[in-house]
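One structure is given here, and the rest of the page talks about it.
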Amino acid sequence: MPEPVTVVGIGADGWDGLSPAAQSAVLAADVLMGSTRQLALVPGDGFERVAWPSPLSEALPRLLSEYQGRQVCVLASGDPTFHGIGTTLARLLGADAVRVIPHPSSVSLACARLGWPQDQVQVISLVNQPVERLHPHLQPGRRLLILSRDAQTPAQVAGLLAERGYASSTYTVLEQLGGPTERIRSELSGDVDALNVIAVRCQADAGAPLLSTVPGLPDDAYESDGQLTKREVRAVTLSRLAPVPGQLLWDVGGGAGSIAIEWSRHHPTCRAIAIERDPDRAKRLERNAVSLGASVAVVLGKAPDALNGLETPDAIFIGGGATAAGMVEACWKALAPGGRLVLNGVTLETETLIARWYGDLGGDLIRLDVQRASAVGTMTGWRPAMPVTIWSVTK
């Protein structure tokens, strides 16, 4: 059996901060891999140093194959299995082929400096994600620890907080944690070290919108041309789709994208693919996803043809185009076992289609009638919206 790849977590305190076991693992290596910054923290020349190329994700399998048969040690920032390369290597090679020697993570160091309980902190990595992914986490009183991509990330986060109505939040930048040049400050002035973590204690300004991750955001949270699943219908529809962490949704006939977006906001690992045939609506959908911090990929095309080749979904919502030839058949065939299919209809034609499929497959069938209070002269009355038929079934 080949020697396992050893992954050693290293902090800003460098070589002196490593445990004896970690130092021994580094010194025993034939090949030492890591970023240029990490490699510079290790003294000695008894091993070949290999700096990570860019992009690393594409080059890593080739590097592992190239140095197969030699004792390889990989340097990682902090805890290698916490948003680190340790999990990537375990996925590529198998857990038995990887030995991990962890170091305190930047999160544990930050909580130690701030006196924050780790179990009450939400950690968000912006290392490979846009800053807009913070939006679902901005909730009153929430404590956030944000892993930065670079020296510009703190200013980007501050700008997003102000734009969203959270400028009153307590904001701390922790640089070079654990190292000799460690610095902690609550105001951005001068240069920021690229190795930083941002701590935010969320405080909403007066009038800031409350955008919960519970399904049913206000309709005005979306840019729309009218093709929008309304708030109450959306909440009921998503309860039938039943978002589960790590699962994928197809939103067929995406419109403004509200179903896909609120599915994705349920948990950071939820993903959605929205299929939309109208180019203007597709662009609008993308803007809504960015502004609400949702992980939604938009496919421009007409279903069911546009569904070919997409990743197998765990749930499918058909919000438009249900009567197109072969639409329901294609969606049902594509759905993973145990997956949920939900179809909404407001027209007689769609209701007829739903009745036929309900007769064939069963499931759950409801009709939702919503009335909203509205002015009637000087008085107030009820104004009904179009009733919506919702069919849901599990494969």
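The values are calculated or read from the model by the stated rules, or taken from the named source; none is laboratory data. Only a predicted model underlies this, so the values are computations on that prediction, with no experimental measurement involved. Heads up, the Cβs are rebuilt from the backbone with ideal geometry, glycines too, and the neighbour counts pull from every protein chain shown. Please note that ligands, DNA and RNA were not included when accessible areas were found on the heavy atoms of the full protein model with its side chains. Shrake-Rupley method; radii C 1.70, N 1.55, O 1.52, S 1.80 Å.
At-a-glance table
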| read-out | value |
| --- | --- |
| Qualifying residues in the stretch 277-310 (those that are more than 23 Å from the chain's Cα centre (by Cα) and part of a loop (DSSP other than H, G, I, E, B)) - the one farthest from residue 217 (Cα to Cα) | 308 |
| Strands (runs of 3 or more DSSP E) within the stretch 1-117 that include 2 or more residues surrounded by 20 or more Cβ atoms within 10 Å (Cβ to Cβ) and hydrophobic (A, V, I, L, M, F, W, C) | 5-10, 31-34, 72-77, 98-101 |
| Filter pass, residue 315 being modelled with pLDDT under 95 and surrounded by 11 or more Cβ atoms within 10 Å (Cβ to Cβ) | no |
| Filter result for residue 216 (surrounded by 17 or more Cβ atoms within 10 Å (Cβ to Cβ) and either more than 25 Å from the chain's Cα centre (by Cα) or on the phi > 0 side of the Ramachandran plot (or both)) | yes |
| Those residues of the stretch 172-203 which are over 23 Å from residue 78 (Cα atoms) and open to solvent by less than 30 Å² (accessible area, probe 1.4 Å), in sequence order | 202 |
| Conditions (1) farther than 21 Å from residue 36 by Cα; (2) open to solvent by 50 Å² or more (accessible area, probe 1.4 Å); number of the one not met by residue 166 | (2) |
| The stretch 48-66 residues that are over 13 Å from residue 34 (Cα atoms), paired with ones that are open to solvent by 70 Å² or more (accessible area, probe 1.4 Å) and not in a helix (DSSP H, G or I) (beta carbon under 8 Å, 6 or more apart) | none |
| Single match in 139, 129 (criterion: within 30 Å of residue 208 (Cβ to Cβ), polar (S, T, N, Q) and either in a strand (DSSP E or B) or open to solvent by 40 Å² or more (accessible area, probe 1.4 Å) (or both)) | 129 |
| Among the candidates 290, 236, residue that is among the aliphatic types (A, V, I, L, M) and open to solvent by 70 Å² or more (accessible area, probe 1.4 Å) | 290 |
| Enumerated strands (runs of 3 or more DSSP E) restricted to the stretch 333-376, each holding at least 3 residues that are surrounded by fewer than 16 Cβ atoms within 10 Å (Cβ to Cβ) | 364-368, 371-376 |
